[in-house]
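The values are calculated or read from the model by the stated rules, or taken from the named source; none is laboratory data. These figures come from a predicted structure and were not determined experimentally. Neighbour counts run over all protein chains shown; Cβ positions are idealised from the backbone, glycine included. These area figures cover heavy atoms from the full protein model, side chains too; ligands, DNA and RNA do not enter into them. Shrake-Rupley method; radii C 1.70, N 1.55, O 1.52, S 1.80 Å.
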Amino acid sequence: MPVAASAIYFLNLRGDVLINRRYRDDVEGNMVDAFRMNIMQTKELGTCPVRQIGGCSFLYMRISNVYIVIVVSSNANAACGFKFLVEAVALFKSYFGGAFDEDAIRNNFVLIYELLDEIMDFGYPQNLSPEILKLYITQEGVWSPFSSKPVDRPVPNATLQVTGAVGWRREGLAYKKNEVFLDIVESVNLLMSSKGSVLRCDVSGKVLMKCFLSGMPDLKLGLNDKIGLEKESELKSRPTKSGKTIELDDVTFHQCVNLTRFNSEKTVSFVPPDGEFELMKYRITEGVNLPFRVLPTIKELGRTRMEVNVKVKSIFGAKMFALGVVVKIPVPKQTAKANFRVTTGRAKYDAAIDCIVWKIRKFPGQTEPTLSAEVELISTMNEKKSWTRPPIQMEFQVPMFTASGLRVRFLKVWEKSGYNTVEWIRYITKAGSYEIRC
Amino acid sequence: MALSGMRGLAVFISDVRNCQNKEHERLRVDKELGNIRTRFKNEKGMTPYEKKKYVWKMLYIYMLGYDVDFGHMEAVSLISAPKYPEKQVGYIVTSCLLNENHDFLRLAINTVRNDIIGRNETFQCLALTLVGNIGGREFAESLAPDVQKIIISSSCRPLVRKKAALCLLRLFRKNPDVVNVDGWSDRMAQLLDERDLGVLTSSMSLLVALVSNNYDAYWSCLPKCVKVLERLARNQDIPQEYTYYGIPSPWLQVKTMRALQYFPVVEDPSSRKSLFEVLQRILMGTDVVKNVNKNNASHAVLFEALSLVMHLDAEKEMMSQCVALLGKFIAVREPNIRYLGLENMTRMLMVTDLQEIIKRHQAQIITSLKDPDISIRRRALDLLYGMCDVSNAKDIVEELLQYLGTAEFAIREELSLKAAILAEKFAPNLSWYVDVILQLIDKAGDFVSDDIWFRVVQFVTNNEDLQVGNNLVEMNMTCLSFTMTIELQCFIFLSCQPYAAIKVKEYLDKPSIHETLIKVGAYLLGEYSHLLVRRPGCSPREIFNLIHEKLPTVSTSAIPILLSTYAKILMHTQPPDPELQKQVWTIFRKYESCIDVEIQQRAVEYFEMSKKGAALMDILAEMPRFPERQSALIKKAEDTESDTAEQSAIKLRTQQQTSNALVVTDQPPPINGTATVNQLRLVKVPNMSNSDHRSTDQQLTHTDGMLTVVDPELPNSSADLLGDLLGPLAIEGPPATPRDGVPIEDALALATVGEQPNSVQPIGNIAERFNALCLKDSGVLYEDPYVQIGIKAEWRAHQGRLVLFLGNKNIAPLVSVQALTLPPSHLKMELSLVPETIPPRAQVQCPLQVINLRPSRDVAVLNFSYKFSAHVVDVKLRLPAVLSKFLQPILLNTDEFFSQWRSLSGPPLKLQEVIRGVKPLSLIDMANLFYSFNVTVCPGLDPNPNNLVASTTFYSEITQAMLSLIRIETDPADRTQLRMTVASGEPALTFELMEFIKEQLITIPSNPRPPPPVVEPPNIPAVSLSDPVAMLAGLM
């Protein structure tokens, strides 16, 4: 069942309505006040993305400094609603040139209304693809038929596009240089106990693609995943190559991927849309290569002193390095002062988030820098409140490393004109919620 | 404040103010808190300036609502700083962040004390403010003497002494024993001689608090207060800065008069005289002027003076002067003054003989009812309600009714309730009452609660023979001597019921009327339309059509009433009208399948009953009288009187007037007692139809044999009708039946109670209640119209725990309640404290511990007394702590029994007696009787089926558990005599038990408990010597 959204509201952080569009008449215009009163002005904000007040459900998410709220009065598909929101935001971003915030909305009222009319009809999501929408919702001026210059461009025909066999790609594209960029982006989620045993660990990955290809190319992607390899060896009746194979869970493809061929041959073949898109998503729960290990020791010495020792070990190839590593070590609220000794990077105490923040800009593989800190606490009135010891959090990016071990084996491009293409492939691993209890 | 010197603080505050949302603010505050923590931690490097700055920041953060749980130490330490800016922040932050329970305050006490006793008066002020603000026990104990010293010291500046007086006031409020009464009262009096008005005002505040707590110690201050007032009123020696718009220190005047109101009387004639002079001057000198502030001040003084006048019970002249003044106020344009005038006039009603004077302003008050300001209208309504009595009721109620049409919705409900109450209380005659209420329902149907129309129905039903009004009758009597026209004659004999019926019919003739009016109309026409039959347009069919055309418009709650009306009309139609009957039957048929069960039941029953023809006459006879009760309306008004402004005046009056409310209706005594009982039964226990005049139709229907199913339901349904008429009213009546198992004759006793309120008669037979309680553990011990004593007992071995439930059944408290137990020598009793007063409609529980020392048949007595209005009631009640309560049943087998029986041989351990004059009982009944006092019959031990063998265990403190055995031999030929043998290990027990059982057998309670599973005496076959039974026989 689709969303059946009754209305969409765009609010700023104070709760003022920036833009709204009502698609159905089954909710009152003042329901957004209920949202403001009962969600935005309470502590519950941000705890649960779906809330029900007065017979309506509010699906909301915050993007930079804007809240987007979908109000539904029926039993709607919440996941669909959120997917719609994410896609809509991506669409807006592609229209606004990257930024989506309060100012961008204020500067593009007319455009947003136009888009809102187009992407949803009577509460049901419609076409959200930027490529197609940009054909007829343009930001440039439209030539008047009475103007002196004749129109030299053909009027874009969106209907043909949307209803055609390859709805996501226009015919007759031509590029001087035919290029394909393929990014594999993985984020690692980890929860580790203080003794070093893994409590929860998974990798969610995305294959992002950017195509600048002429004509109607047919692409074929080969990964080192288990099923694909097995199928291939079966077909070609030769033994499976030695090497690591990856088991992918929960794979989702972009609509351009030919699923019948994937089901029969287990190959990912597709006619790509023009420009940037997300080819596939996957999740891996087993055989994850963790990029970092954290060994914390935190000792509370009496009421007013604490000793913190944290050792971070990088366990990827020595030639590789991680960028933008941030280790946030939580300390009690009454921390007054902290003295640090670090082997690399910089550390400071951030009172706003009650953490010691240790930043290492470039972190080579197979090294283990340490931080040791002496924390002084101030005595407080209510001594009994014990410290809850929240987990240590980490942020990082490791280029050319995949936590899952996924590799692109081949990317073949076939077009009837037979031009040559250049393929660029990148890997990157980021931290999702990378937490170590201490 | 030297904020300008603290840049960091200013920057921080502007940062926080510039934050766009709460989240940013929190981040900024957390950052600052971290910074402050860091600074506080390395204290060595902190200058006093920095310390001051950070403590200010801390205070600012605290004021924003964040939790600040550190830095108190720094704040407290700033108190001892030598310079003013630091000291100031120290004091301010300490008094904001800390409360009296913080340990940190101990650190500060000494410094604070040094500041207080020091010479620097700025510091003294700071310290006094802190002490006043925090004012904990420790501060009070250690600093109160110093504070007191400052107040009376002559060397301190008035400013400091002022603060000290206020500080002491705060300490006193927290902890009243800081002010030592003996030592302080003289000084207080001395303080009132102060010339400086500032100090005097503060001391007066202190005095108000002190005298409110205990005025006795401060009698010496009274003349001084009068003197102060005199000085102010005469405007002597008042510095310019203490006059406010030409009024000398209104605050001090108000406070002084407030203080004077705490003293019960002013005895000293000279000060009384001068006080009245002053009051006179205030009353005379106050007038309404243009300036708002001046008005406020002068009226504050004036109204305080008014309440002082009321308090002092001044001469009537002065009072009337006050009323005249208020009368002037309620005519003023300024709404605030009008409001105050009305409010104070309502308060004035409390003073008894002022009503007449207030009544002079009635016209003006009625004008206020149309004021644009709703609060003024409410006050005017309250005042009118309060001042209403028999003489002006007619005017006022009519005025209210008129106003009802235009009043807005917010006030209508209150208005209609009050109009209804007034109409009920002060009705000169019933026709007027009926007129008023019908008009009320017509005008404000939505706001007329059910109580109001129930009440009309009650009145009309209860006053069948009553002439239209006493005064009318009198008038007519005088007229009679001159001429006697036919109309007049009709008028005299036009009783209330047809009058009401005619009136109602007039209303029903209108095209659209409110549903409540339809309900009243339907009910009244159903009951009394037959009285109108001879009039034009009042034939049964016309009446029926009139009512029936309203049927489609009413809700389900009204339909049952309409159905009853149809049935009644049908019944009254003599000779029967087949057309009408058919019509009515169609309606009943239609509703036979109604989803609403009440409607359905009525339809079915009325349909069946209406087939009976003439018998219907008896079944659907006129409704009997309703029992007289306190009006639910008045009670409702009492309940809703939470409005402080209404004051007790109105309550006072309702209490006064319950007695004369509708005296008319109370007079005619019920035709006979049983009728009243019957009504009560109908209300409370609808299923019992035991009345006299019902019994005829019962017999009648029973002889028919056909309607036996319907008949018991008839009173049920009519009781339902009564029930929904009376639902809320039914609370008040004395309970119709005593709880359980007490014979029905008790209900007869209660019928008389209402008629003789002067001698308090117990309800029910005390002796029978006692006997019943001897056999069970809970029930009612005593009941009269005012009080009910319930009892609940638990017995364990030789101990018992009784709980007495003393319930006040009335709306007035019972006072001087006393309960004393007079235990016999064998019982040890401890009654917990019985409260002196039992509040209205409350129940008090008094546990009572009983310990049995040794066997005895004597009975404990409870001496219970209380006072209700003029009656003093003193009753002596036997408590059901009898011998049998300390028995526990035990079932013995043959061997156990015989070994015991044998070991106890001959007197005094074993006694035998032939008892004559026993009430004849079958063996099974006798066994049940034994069970009821905890003696077990052991079956099969005696070969003779006419004999009983029983056993029990007796507990007392001396004997502990003691087995007792009983054998009864009866003579089947003559059941009035039997031979009893009792055996136990204690001579006294044997004797007492024997006597106890004897008593029980001779005077058997009228209703023994329903039989528990009882053992049939089995038939024992052949007897041989080896048989234990035979052995038993031999032993005897």
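Remarks
- Quarter of the Cα convex hull surface for region B:506-569, i.e. its orientation-mean projected area (nm²): 3.7 nm²
- The Cα atoms of region B:911-1005 define a convex hull whose projected area, averaged across directions, is 5.8 nm².
- Chain A: relative contact order in percent, alpha carbon pairs under 8 Å with at least 6 residues between: 15 percent
- Low-density loop positions, trypsin sites (Lys or Arg not before Pro), region B:113-167 - DSSP coil, at most 10 other Cβ in 10 Å: B:Arg119
- Kirkwood-based Rg to Rh ratio, region B:775-892, C-alpha trace: 1.02
- Cross-link reach list, lysines versus A:Lys281, counting only Cα pairs under 19 Å and skipping chain neighbours closer than eight places: A:Lys83, A:Lys206, A:Lys210, A:Lys220, A:Lys226, A:Lys266, A:Lys430
- Within region A:220-316, DSSP assigns beta bridges of which about 95% are antiparallel (rounded to the nearest 5).
- When the accessible areas of A alone and B alone are added and the area of the pair subtracted, with a 1.4 Å probe, the result is around 1500 Å², both sides summed.
- Kirkwood hydrodynamic radius over Cα pairs of region A:230-359, then Stokes diffusion coefficient at 4 °C and 1.567 mPa s, in µm²/s: 65 µm²/s
- Taking the alpha carbon gyration tensor of region A:322-361, multiplying each eigenvalue by 5 and rooting it gives semi-axes of 19, 11, 6 Å, largest first.
- Tensor-based shape of region B:212-340 (alpha-carbon gyration tensor, a/c under 1.5 rounded, otherwise prolate or oblate): oblate
- Computed from the alpha carbon atoms alone, the convex hull of region B:368-465 holds 83 Å³ per residue.
- Global form of region B:138-285, assessed from the alpha-carbon gyration tensor, a/c cut-off 1.5: oblate
- Our summary gives region B:350-415 a relative contact order of 26 percent, counting only alpha carbon pairs under 8 angstrom and 6 or more residues apart.
- Mean Kyte hydropathy of -0.5 or more with a Cα span along the axis of at least 20 Å, helices from DSSP in chain A: A:78-96
- P(r) weight above 26 Å for region B:1-132, C-alpha pairs, percent: 23 percent
- Across region B:104-202, the fraction of Cα-Cα pairs farther apart than 20 Å, rounded to a whole number, is 30%.
- Amide H within-cut-off set for B:Thr243, under 5 Å, with H built and near neighbours excluded: B:Ser249
- By the helix-only formula, in which each DSSP H run with n ≥ 4 contributes -39500 (n - 2.57) and the sum is divided by residues, chain A has a 222 nm mean residue ellipticity of -4500 deg cm²/dmol.
- Entry for chain A at q = 0.11 Å⁻¹: log10 I(q)/I(0) = -1.11, Debye formula applied to identical alpha-carbon scatterers, no solvent contribution.
- Pairs beyond 22 Å (Cα-Cα), from A:Lys313/A:Lys359; B:Lys316/B:Lys359; B:Lys568/B:Lys611; B:Lys503/B:Lys550; B:Lys828/B:Lys998: B:Lys828/B:Lys998
- Label zone at B:Ile374 (point 7 Å along Cα-to-Cβ), backbone N below 19 Å, region B:406-436: B:406-419
- Relative intensity, log₁₀ I(q)/I(0), of region B:309-401 from a Debye sum that treats every alpha carbon as a point, q = 0.15, 0.21, 0.22, 0.23 Å⁻¹: -0.51, -0.99, -1.07, -1.16
- Dipole in debye (nearest 20) - region B:306-379, about Cα centre, beta carbon charges: Lys, Arg +1; Asp, Glu -1: 380 debye
- Under the criterion of Cα pairs below 8 Å and six or more residues apart, the relative contact order for region A:340-438 equals 28 percent.
- Amide H contacts under 5 Å for A:Ile63: A:Ile68, restricted to partners 5 or more places along the chain or on a different chain, H placed in the peptide plane at 1.01 Å from N.
- Surface share of carbon and sulfur [accessible, 1.4 angstrom probe, percent] for region A:345-422: 49 percent
- Backbone N under 17 Å from the B:Asp971 label point (7 Å along Cα→Cβ), restricted to region B:902-925: B:913-923
- For region B:228-297, the Stokes-Einstein estimate of translational diffusion at 4 °C and a viscosity of 1.567 mPa s comes to 99 µm²/s, using the Kirkwood hydrodynamic radius over alpha-carbon pairs.
- For a straight C-alpha distance cut-off of 18 angstrom, the aspartates and glutamates reachable from B:Lys294 (same-chain residues fewer than eight places away being disregarded) are B:Glu241, B:Glu304, B:Glu334.
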